[in-house]
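Written out below as C-alpha cells is the structure these notes cover.
The values are calculated or read from the model by the stated rules, or taken from the named source; none is laboratory data. From a predicted model like this one, the values you see are computed outputs, not experimental measurements. Virtual Cβ from ideal backbone geometry, glycine too; neighbours counted across all protein chains shown.
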Amino acid sequence: MLEKIDLAGKKALITGAGGGIGRAIALRLAESGMKLALVGRDPQKLVRTAALTGRPLDMLVLPTDLEKPKAIDEILRILSGHFKGLDVLVNNAGAALNRPFEETSEAEFDHLMTINARVPFVLCQRTLPLLRQSECPTIINVGSVVSHKGYIYQAAYAASKHALLGLSKSLAKEVAPEGIRVHVISPGSVYTDMIRIARPDLGPEGMIAPEEIAELAAFLVEHRGNAIIDEIELHRTGKEPFL
Ligand SMILES: NC(=O)c1ccc[n+]([C@@H]2O[C@H](COP(=O)([O-])OP(=O)(O)OC[C@H]3O[C@@H](n4cnc5c(N)ncnc54)[C@H](OP(=O)(O)O)[C@@H]3O)[C@@H](O)[C@H]2O)c1
C-alpha cells in the first residue's frame, strides 16, 4: 500500500483555476485540505472556485493575465510573502486554436507558444526555489494528446503542447535527484469550455469529465512511491480525441 501524504495546510498554485480542468483540480486539492493560490484572468470565476471549495478564506484569488510581462513577478512576490511558500505547482492555463495552417497568423502562434509553453517554463523556473523548501515538491503540467500527435488545423496548438511535454520531461530528470517530481497529464477531449467553443456540435457523452483529471492530479500529489510517473495520457472512450 502506497503511503498517502497528508496535504492539510500544504500549498498549491493552480493556473486557469476559474473553470474546467483547473477548477476541478482546485476543488479536489482543497478537499484534501490544501491552501490554494488561484490564478486566471477572470476574477469572478476565481472567486466562484474559491467559494465552491467551502473554505474561501484559505484560498488566495490572484486574477492576472499570465501573458503580461510583470504578472509572474507579482505572483512570486505574493507566494514568497503573504502565501509563505509552495508545495505544488499546477500549470493548467492554456489556449487552443483550430485553424488551417496557412490561415494561422504569427501572432496566434506566438500567443499559443506563450500561454501553453513559455508561461509554464517561467513558472517552473521561478517557483523552484520555493519548491525546494517543500517536503512534497510537485509540478503538474497539463499537456494534451496533441503533445504527441498532430491533428488537422492544430499545428500551432500541437507545437505549443509538444514544447510543454519536452520541457517537462527534461526538467523531470534534472530535478529528480532533489526529490522534485514533475508530471505531465495529457488528456484528449475533456468536457470544458475549451471543447464547447471548439466543437459546439458535441455534447458530454463519452468525453472525459474534468473531475477525472482532478482525481489523477490528486493521486500524483498525494503519493510519492518509488515508481516515477512522468506522464499520463488519457483518451475518451472509443473515439479519436481532438484537443
Ligand atoms: N478540454 C480538453 O479537451 C483539453 C484536452 C487536452 C488538454 N487540455 C488542456 O487543459 C488545460 C485547461 O483547459 P480547459 O479544457 O479546462 O479549458 P478552459 O475551461 O478554457 O480553461 C482554460 C483556463 O486557462 C486560463 N487562461 C487562459 N489564458 C490565460 C492567461 N493569459 N492568463 C491567465 N489564465 C489564462 C483561463 O482563464 P480565464 O477563463 O479566467 O481567462 C481558463 O481558466 C489547457 O492547458 C488545455 O490546453 C484541455
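Which of the residues belonging to segment 222-234 are within 17 Å of Ser186 (Cβ to Cβ), more than 10 Å from the ligand (Cβ to nearest atom) and among the aliphatic types (A, V, I, L, M)?
Hits for segment 222-234 are Ile228, Ile229, Ile232.
For segment 1-57, name all the residues that are β-branched (Val, Ile, Thr) and surrounded by 23 or more Cβ atoms within 10 Å (Cβ to Cβ).
Result: Ile14, Thr15, Ile21, Ile25, Val39, Thr49.
Look through Ser168, Ser189 and report the one residue that is in contact with a Gly (Cβ under 9 Å, 6 or more places away or on another chain) and modelled with pLDDT under 95.
Step by step, each of Ser168, Ser189 is checked, and only Ser189 is in contact with a Gly (Cβ under 9 Å, 6 or more places away or on another chain) and modelled with pLDDT under 95.
Take segment 58-73 and flag every residue that is in contact (Cβ under 8 Å) with a residue 12 or more places away in the chain, surrounded by fewer than 21 Cβ atoms within 10 Å (Cβ to Cβ), within 16 Å of the ligand (Cβ to nearest atom) and not in a strand (DSSP E or B).
Passing the criteria: Thr64, Asp65, Glu67, Ile72.
With respect to the numbered conditions (1) outside any helix (DSSP H, G or I); (2) in contact with a Leu (Cβ under 6 Å, 6 or more places away or on another chain); (3) closer than 24 Å to Ser168 by Cα; (4) not acidic (Asp, Glu), which one is the sole condition not fulfilled by Ala26?
With respect to (1) outside any helix (DSSP H, G or I); (2) in contact with a Leu (Cβ under 6 Å, 6 or more places away or on another chain); (3) closer than 24 Å to Ser168 by Cα; (4) not acidic (Asp, Glu), Ala26 is out only on (1).
Just checking, does segment 154-176 include any residue being buried (at least 23 other Cβ atoms within 10 Å of the Cβ) and within 25 Å of Asn226 (Cβ to Cβ)? Spell out the reasoning first.
Kept after step one, since they are buried (at least 23 other Cβ atoms within 10 Å of the Cβ), are these residues of segment 154-176: 154, 156-157, 160-161, 164, 168.
Subsequent filtering for residues that are within 25 Å of Asn226 (Cβ to Cβ) retains 168.
Checking segment 154-176: at least one residue is buried (at least 23 other Cβ atoms within 10 Å of the Cβ) and within 25 Å of Asn226 (Cβ to Cβ).
Since Thr237 meets every condition but one in (1) more than 9 Å from the ligand (Cβ to nearest atom); (2) hydroxyl-bearing (Ser, Thr, Tyr); (3) under 30 Å from Lys35 (Cβ atoms); (4) not in a helix (DSSP H, G or I), which condition does it not meet?
(3)
Of Val142, Val122, which residue is touching a helix residue (DSSP H, G or I) at 6+ places or on another chain (Cβ under 9 Å), under 23 Å from Ile78 (Cβ atoms), more than 11 Å from the ligand (Cβ to nearest atom) and among the β-branched types (Val, Ile, Thr)?
On inspection, the qualifying residue turns out to be Val122.
Quick one: in segment 180-221, of everything that is under 23 Å from Gln154 (Cβ atoms), in contact (Cβ under 8 Å) with a residue 24 or more places away in the chain and charged (D, E, K, R), which residue is farthest from the ligand (Cβ to nearest atom)?
Ranking the qualifying residues of segment 180-221, first place goes to Arg199.
Do we find a residue being away from the ligand (no atom under 16 Å from the Cβ), in a loop (DSSP other than H, G, I, E, B) and touching a residue at least 12 places away in the same chain (Cβ under 8 Å) anywhere in segment 33-48? Break it down into steps so the answer makes sense when it comes.
Of all residues in segment 33-48, those away from the ligand (no atom under 16 Å from the Cβ) come to 33-35.
Applying the additional criterion that residues be in a loop (DSSP other than H, G, I, E, B) yields 33-34.
Going one step further and asking which of them are touching a residue at least 12 places away in the same chain (Cβ under 8 Å), we end up with 33-34.
Looking for residues that are away from the ligand (no atom under 16 Å from the Cβ), in a loop (DSSP other than H, G, I, E, B) and touching a residue at least 12 places away in the same chain (Cβ under 8 Å), one finds at least one in segment 33-48, hence yes.
Among the residues of segment 89-114, count how many are buried (at least 21 other Cβ atoms within 10 Å of the Cβ) and under 12 Å from the mean Cα position of the chain (by Cα).
Result for segment 89-114: 6.
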